[in-house]
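A short worksheet on the structure shown next.
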Amino acid sequence: MLKLSGMTGVAGAWDRAVAAMRGLPRVLREDLWSAPVDPVPPAGTPGASVWRPVFGMVLTFVATFTALWHVPDLVPHGAAIPAYTVLLAVLQALALLAGLWHPLRAWWASLALMVVSVRLAEPAMTPGELFPWTGAEMTMQSLALLLLALRVRPRRAVLALVVSLLAGLVSSAFTTRGHTYAMDAGALVAITAVVIGTALRALRVARTQLVVQSGLTEEERARRTLLEERNRIARELHDVVAHHMSVISIQAQVAPHLVENPSDELRENLAGIRENAVEALAELRRVLGVLRAEDAAADGLRHAPQPTLERLDELIGKVRSAGVSVTAETAGRRRPLPPGVELSAFRIVQEALSNVLRHAPGSRARVEVGYHRAAVTVRVTNTAPDGPGRRTGGVGHGLLGMRERTTMLGGELTHGPTPGGGYEVMATLPLEDPS
């Protein structure tokens, strides 16, 4: 039984090896010819420094110098240099420069030109010269592999390295005279180039992914903060509307007892009002009540009375106790406002003073509330801070909440720095029923 299982395992391994060999041509064709390479990073993105013009200028200089260095290797010492040798060296330099834009095709061209130049130079090379790769050949082939490794996955770069080494071995197989073989040195230089290129590509990819992930994280944080603020506004809106609907229901129920001999029509209308109020209240609680269940720990706070501008002095006192100098001024006749306006005005002042605490240490704050015929305005200003404020993880989320509240009521919010180095937040909240 064990012998049969062993034979089955060997057969399976053989089948997998055969399948891998059959698929090898397709893999080589895709990795070393048809598959695209990484695009050149645009300016301003991580990794783009590798493709700066300075790099291109250095590569141009190296390619030109290497081509001139390589020309004497193609002819016997003291012999005239034919035109084809110069053309071959120029083509190798151009292939190297093309690697900045098309590294895969440039590597193939450099490899083919290397094989041709080795076959042309072999009869003219003395035994003391390196073979099959001279110093110039090592430089150009290694740079071609480096440019390729910067733009392709590591597996493709390793395949290209293997093909280059095999090409070198094949080129050294057919010789007409003795040579000093330097495959070990050439292989070491080529491997080093691939390792460096692969490492630089991995660093660029990691930095790009980090920037993308940071952007997504910041976007998600802003979106979550906005949703949380909207949920809080919805909960407060639910409390305000539920209160009024409850009052309407109770008044409709009590009204018939306040009238002597109420008519059946009046009783029917008041009953309809109460029924509609109760139904609307139930529907409102079904839609928005789920928001009240998201944070069971805050039930006590949610069922507490909502703050109004009557508690503004209490809020300012707490801010003063935190070490901020705050003055308050009220313009116009102070009067009760619609609950939504009262709550939003209080929250805007609260958030603006919180921003002063966080971002403007040592400054003096001023709160101004203006009661007008058709609107109420709240304005919070602060002087220039004595030093830098505390850094927080968010960016402008408090202002987002203020804008949400103001927009919900059809108002307008303005904010920005003041000429003296301070900051100003002003909200105009319209009144639905001006008096």
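Placing Tyr423, Tyr181 in order of accessible area, with the largest value first and a 1.4 Å probe, yields Tyr181, Tyr423.
May I ask you to order 195-203, 30-38, 215-223 by the average number of other C-beta atoms within 10 Å around their residues, highest value first?
Descending mean neighbour count gives 195-203, 30-38, 215-223.
Within the shell defined by Cβ-Cβ distances under 15 Å, the residues around Ala206 carry a net charge of +3, with Lys and Arg each +1 and Asp and Glu each -1.
Excluding Leu400 itself, calculate the net charge of residues whose Cβ lies under 14 Å from the Cβ of Leu400, where each Lys or Arg counts +1 and each Asp or Glu counts -1.
Taking every other residue near Leu400 into account, the sum is +2.
Between Val27 and Arg230, what is the label-point separation in nm under the 7 Å Cα-to-beta-carbon projection? Distance between label points: 5.0 nm. The peptide list 104-116, 260-272, 360-372, 146-158, put in order of mean Cβ contacts within 10 Å with the highest first, becomes 146-158, 104-116, 360-372, 260-272.
I'd like to compare 204-212, 183-191: which one has the highest average count of other Cβ atoms within 10 Å, and what's the full order after that? Each step should come with its number before you reach the end.
Numbers: 204-212: 13.4, 183-191: 16.2.
By packing density, highest mean first, the sequence is 183-191, 204-212.
Simple rule: put +1 on each Lys or Arg Cβ and -1 on each Asp or Glu Cβ in the range 83-213, find the dipole, and look at Gln213, Val118, Leu94; the Cα lying farthest toward the positive end is Gln213. For the range 92-168, the normalised intensity computed at q = 0.14, 0.18, 0.27 Å⁻¹ comes to -0.43, -0.67, -1.27 (log10 of I(q)/I(0), Debye sum over alpha carbons, equal scatterers, no solvent).
Calculate the translational D of the range 332-428 in whole µm² s⁻¹ from Stokes-Einstein, where the hydrodynamic radius comes from the Kirkwood formula applied to all Cα pairs, the temperature is 20 °C and the viscosity 1.002 mPa s.
On the way: Rh = 14.0 Å.
Reported coefficient: 154 µm²/s.
Please give me the summed charge of the neighbours of Ala271: other residues whose Cβ is under 13 Å from its Cβ, Lys and Arg +1, Asp and Glu -1. Counting the neighbours of Ala271, the net charge comes to -3.
The values are calculated or read from the model by the stated rules, or taken from the named source; none is laboratory data. Quick caveat, the model's predicted, so the values are computed rather than measured. When we count neighbours, we look across all protein chains shown, and the Cβ atoms used for this are built from the backbone with ideal geometry, even at glycine. What goes into the accessible areas is simple: the full protein's heavy atoms, side chains included, and nothing from ligands, DNA or RNA. Shrake-Rupley method; radii C 1.70, N 1.55, O 1.52, S 1.80 Å.
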